[in-house]
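Data first, discussion second: the structure below is written as structure tokens.
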Amino acid sequence: MAIYRHQRQHMVFGQLRPAPITNEALLSAFSILPRERFVRPQRRQSAYCDSDIRLARSRWLFAPATMARLLQSLALKPDMRVMVIPTASGYTAALCALLGAHTTAVDNHPVLSQQAQENWQKQSLTIHHHHGSLQDGCPQNAPYQRIIIEGFLPATARKTLHDQLDDNGKLVATEDDNTLVVETRHTDNPTETDTTSTAYVSRHRLGIQQAYPLFDFDVSTPQA
């Protein structure tokens, strides 16, 4: 719809470029991906607002500028192998795919996962969806050059994911309410014990409004 195309362009020029987002490929991806299709129908009018949008219990869509800063900081390049956790509605994975990354997304939320795959199909995007626990990742597609965790998983839960990184691969996640953690794996010899360098960045520098705890989908818990 024309109104959403206008809002999308306003998002790029009014939110992303002043952020400042300077990666033209990233700006192009944001400008063509219909964000309104990745939120609930009743939230489409606010899809391009500069705020996080709740999708379901423990599943959120980051504000446009927040997600753009995060992706720009990771310096994604074509043909990189990227894993996104959780899949949620599929928006972040779709951006990675538009940037040319070989993208895997992980979630066990049945409704959102189905919606995400439908969204990707409508955009003619090839993304591998793995239905499973968030903290288990998708080892069959490893190693990854980048792992993006959109929310808070404690360090102990990230250990399995860290093991799925390639040498010099980076994992980014929310550490707590104050910091964003970027872990880089260093392995001189795959048969030897690897080391990790960790950088902590104030989440406010990227515009992250809240550290959202991530949970696996639980069929016994009412979902909203």
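Derivation of every value follows stated rules applied to the coordinates shown; laboratory data play no part. For clarity, every value in this text was computed on a predicted model and none was experimentally measured. Please note: Cβ atoms are built from the backbone with ideal geometry, for glycine as well, and neighbour counts cover all protein chains shown.
Measuring nothing but how far apart in sequence close Cα pairs (under 8 Å, 6+ apart) lie, relative to its length, region 14-139 scores a relative contact order of 21 percent. The Cα atoms of region 100-171 cover 34, 25, 20 Å along the three principal axes, with the biggest extent listed first. Within a straight-line Cα-Cα reach of under 22 Å, K77 can be paired with the following lysines, leaving aside sequence neighbours fewer than 8 residues apart in one chain: K170. Sorting the segments 67-76, 31-40 by their residues' average number of neighbouring beta-carbon atoms within 10 angstrom, most packed first, yields 67-76, 31-40.
Considering all C-alpha pairs of region 2-206, those separated by over 28 Å amount to 22%.
If you take the square roots of the eigenvalues of the alpha-carbon gyration tensor of region 53-126 and sort them as a ≥ b ≥ c, do you get rounded (a/c under 1.5), prolate (a/b over b/c) or oblate?
Numbers: a/c = 1.86, a/b = 1.25, b/c = 1.49.
Oblate is the answer for region 53-126, as a/c is 1.5 or above yet b/c matches or exceeds a/b.
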